[in-house]
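For reference, the structure is listed below as C-alpha cells.
The values are calculated or read from the model by the stated rules, or taken from the named source; none is laboratory data. Since the structure is predicted, the reported quantities are computational estimates derived from the model, not experimental observations. Don't worry about glycine lacking a Cβ; one is built from the backbone with ideal geometry, like all the others, and counts go over all protein chains shown. Each accessible area value is taken on the protein alone, full model and side chains, heavy atoms only, with ligands, DNA and RNA left out. Shrake-Rupley method; radii C 1.70, N 1.55, O 1.52, S 1.80 Å.
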Amino acid sequence: PKNASSLKSYLNALVSDASKTFVQESFWLPANLKPRCALEAIAKEIYTFHTKDARDDIDTAASGAEWWVQLRTVGEKKETISFHFDKDEELVDTHGINVHPHISTVTYLTSRGAPTTILETTAGFSYEDDISASTVTRGTLSTPVAGKHLAFDGRYLHGAPSNLTPDEDECELRCTLLVNIWLNFKPTGIDLFPQEEIDALAAPSAVADLHLHDNGDVARRLTLGRQGGGSQSYHVHEYPFGPTGVEHLLRVPLPSLESKQHHASQGWTTLDLRFARECVASVQPNKPQASGKRRRTP
C-alpha cells in the first residue's frame, strides 16, 4: 500500500475476515487455483513470494498453501500457542510419520500479544522418535507488528507462550495469518475453504494492492551467555509440550523484558538468538504422565 493509513485499512478487513474463519482447522489453496477471497489472495501472495526462485519441476497441481488464522485475546487462559512442529497431522495419525512443510510463515494482522518463538531443532521422521536430550544453539524471537511477515524452516519447533506478552497488551487481540508452503505434496485431509461461506468474506480485489516486499530488514543478533549484562540479560523459561502437551520439557533462555524493550526502542522487533555454551536451550523428558490423547496445534 502507498501509506500507513492504507495498510491499516487492509489489515482491519483481514482481521474482520479472520474472525469469520477461525474454526481451529486449516484450509488448502492449490498453487494453480485463483484465490476466491482476500485471505486466499494473501496466502497466494505469500506462496508466490517464497517460491519465485524455486526450481522448474514444481507440480503446481500438487503444491500450494495451507492457511489458517489464530485469534488470541491477551490475558485469557487459552492465550498460549504451545510449542509444536508443523506437519501433516493426519499422516501422523494414520502412519506415525512426520512430514513437514517446506516453509512455515506468520503474518501479523495486529501488533499485540506474545512473540513468536522459534527454536532450530527438528523432530524425527517417525512420530515415536525420541527428541529428548537435544540441545539448541539458535532461535528467533519475533514481536508482533501489524503487517510484519515472518518465514522459517517448516521443520522447526515454535510457539507463542503467553508469559512473554507485555503487560500493556492486556485484553488486546493477537491476530495472525499462518501460511505453510508445501511443494509437490498436499497435506492429507485438508480441503478448500467452504464455497458456501466465501460470500461472507472480502473479495480478492479488497487487497489487490497489498504485496510482500523484502525491505532488507534483518534480525538483531543477540548472544545469550551470562546472567546480567544489561541488554543481553536473560531468564530461563520452561515449557512442556508434546503429542498430548506434556511429554517433553523445553528449557530455553530468552531475553529479559528489559532487554526486549531496549532492542525495541532501537527499532528491532526480531531477535536472532544465539545461545552460548553455558546457556543452550534443550529438550528433555518431562515427568508428568500423559493423558494418552494426542493434541493438535493448528
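Largest first, what is the accessible-area ranking of TYR234, TYR127 with a 1.4 Å probe? Could you put the intermediate results ahead of the total?
Details: TYR234 20, TYR127 50 Å².
The most accessible residue leads, giving TYR127, TYR234.
Mean sequence separation of contacting Cα pairs (under 8 Å, at least six apart), scaled by the length of region 1-124, corresponds to a relative contact order of 26 percent.
Here mean projected area of the Cα convex hull in nm² was calculated from the structure, and among [x] 16.2; [y] 19.2; [z] 23.7 it sits at label [x].
Calculated from DSSP H runs of 4 or more alone, at -39500 (n - 2.57) each and per residue, what is the 222 nm mean residue ellipticity of the chain, nearest 500?
Working: 4 runs with 48 residues, N = 298.
After summing the helix terms and dividing by the residues of the chain, the value is -5000 deg cm²/dmol.
Can you count the Lys pairs in region 37-132 whose Cα atoms are under 29 Å apart, with each pair 8 or more apart or on different chains? Don't skip to the end; give the middle numbers.
Numbers: LYS44/LYS52; LYS44/LYS87; LYS52/LYS87; LYS77/LYS87; LYS78/LYS87.
Here the count comes out as 5.
Using Cα pairs closer than 8 Å and at least 6 residues apart in sequence, work out the relative contact order for the chain, in percent. Walk me through the numbers before you get to the answer.
Details: 650 pairs, mean separation 70.6, N = 298.
The normalised contact order for the chain reaches 24 percent.
Ignoring any ligand, DNA or RNA, what whole percent of the accessible area of the chain comes from carbon and sulfur when the probe is 1.4 angstrom? Walk me through the numbers on the way to the answer.
Numbers: 7290 of 14710 Å².
Ligands and nucleic acids excluded, carbon and sulfur give 50 percent.
Summed over the residues of the chain and divided among them, the accessible surface reaches 49 Å² per residue at a probe radius of 1.4 Å. In the assembled protein chains, HIS158 presents an accessible area of approximately 20 Å² (probe radius 1.4 Å). Listed by chain and number, the aspartates and glutamates placed with their C-alpha closer than 19 angstrom to that of LYS287 are GLU128, ASP129, ASP130, GLU238, GLU247; residues fewer than eight positions away on the same chain are left out. Largest accessible area first, the residues ASP167, ASP272, ASP93 order themselves as ASP167, ASP93, ASP272 under a 1.4 Å probe with ligands, DNA and RNA left out. Taking the DSSP bridge list for the chain and keeping only pairs wholly inside it, about 90 percent are antiparallel.
Given a 1.4 Å probe and the protein chains as shown, GLU45 ends up with an accessible area of around 50 Å².
May I ask for the distance between the Cα centers of region 62-108 and region 145-191, given as a whole number of Å? Cα centres, region 62-108 to region 145-191: 8 Å. Among the trypsin sites (Lys or Arg not before Pro) found in region 64-143, those both in a DSSP coil and sparsely packed, with 16 or fewer other Cβ atoms within 10 Å of their Cβ, are LYS77, LYS78.
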